[in-house]
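Derivation of every value follows stated rules applied to the coordinates shown; laboratory data play no part. In this text, all values refer to a predicted model and were calculated from it rather than measured experimentally. Because the Cβ atoms are built from the backbone with ideal geometry, glycine has one as well, and the counts that use them run over all protein chains shown.
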């Protein structure tokens, strides 16, 4: 079974489940309390199990444009877009978020479909000049959500992070390592998501939880499901 780099930080503080071969926290306190805390204050989620696929090369835009439903050409550098990966008949393979980065596109896909999506992308590469890189196990993905999420982000990354607009991203250096922060999320609340090398994730997780224990709450998959369903 796979585990994220944060596993040792929460294995004794949460109820763990098998989620598509990942051992992940279902809840820390209770599902309802965590959902309520995110709606009223701030929740932090480890969503590092999600697939993280980078597409590089001069044909990367054309490649993704051919395989997805939305118009990727309209998203500028450092913008994000919700999209659908489609099969040859127009059926849905998966839904995903696509980041337009400086020299590549980053696709965040569902953990249950990561291998299927990766195989599908490789199969449809044909003769296009694209490089498909699976970063799922090398990078972590943290989600800080809720009306007080901006306070947490300001404390960790400084005031300038608050200028970030919804569905936009920014590259930052943190502990001498590059990471990507976006203002995004599935909860329906204001929130931020952080894409970083595995070695950086524990620092951010611990820093967030130590800011104020009445402000920031660790949350599991159960509350995330409630929040995303409520958000529609």
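For the chain, the alpha carbon convex hull comes to 119 Å³ per residue, rounded to a whole number.
Taking every Cα-Cα distance in the stretch 163-219 and sorting them into 5 Å bins from zero, the calculated P(r) comes out as 4, 17, 23, 25, 24, 8, 0 percent.
Inter-label distance, residue 119 to residue 197: 3.2 nm, where each label sits 7 Å from its Cα along the C-beta direction. What angle, in degrees between 0 and 90 and rounded to the nearest 10, separates the Cα long axis of helix 31-40 from the longest principal axis of the Cα atoms of the chain? The angle comes out near 90 degrees.
Helix 221-231 and the longest principal axis of the C-alpha atoms of the chain enclose an angle of approximately 70°.
For the stretch 98-150, the spread of Cα coordinates along the three principal axes comes to 47, 28, 18 Å, biggest extent given first. For the stretch 51-134, the square roots of the Cα gyration tensor eigenvalues, ordered a ≥ b ≥ c, give a/c below 1.5, which places it in the rounded category. Taking 1.002 mPa s as the viscosity and 20 °C as the temperature, the Stokes-Einstein diffusion coefficient of the stretch 19-68 based on its alpha-carbon Kirkwood radius rounds to 149 µm²/s. Relative to the dominant Cα principal axis of the chain, helix 114-123 is inclined by about 20°. In terms of the Cα gyration tensor, with a ≥ b ≥ c the square roots of its eigenvalues, is the stretch 97-211 rounded because a/c is under 1.5, prolate because a/b exceeds b/c, or oblate? Verdict is prolate for the stretch 97-211. A straight line joining the Cα centroids of the stretch 153-182 and the stretch 50-111 runs 22 Å. Ordering 166, 186, 99 from the fewest to the most neighbouring beta carbons within 10 Å gives 166, 186, 99. Taking a ≥ b ≥ c as the square roots of the eigenvalues of the Cα gyration tensor, the stretch 122-185 is classed as prolate, since a/c reaches at least 1.5 and a/b is larger than b/c.
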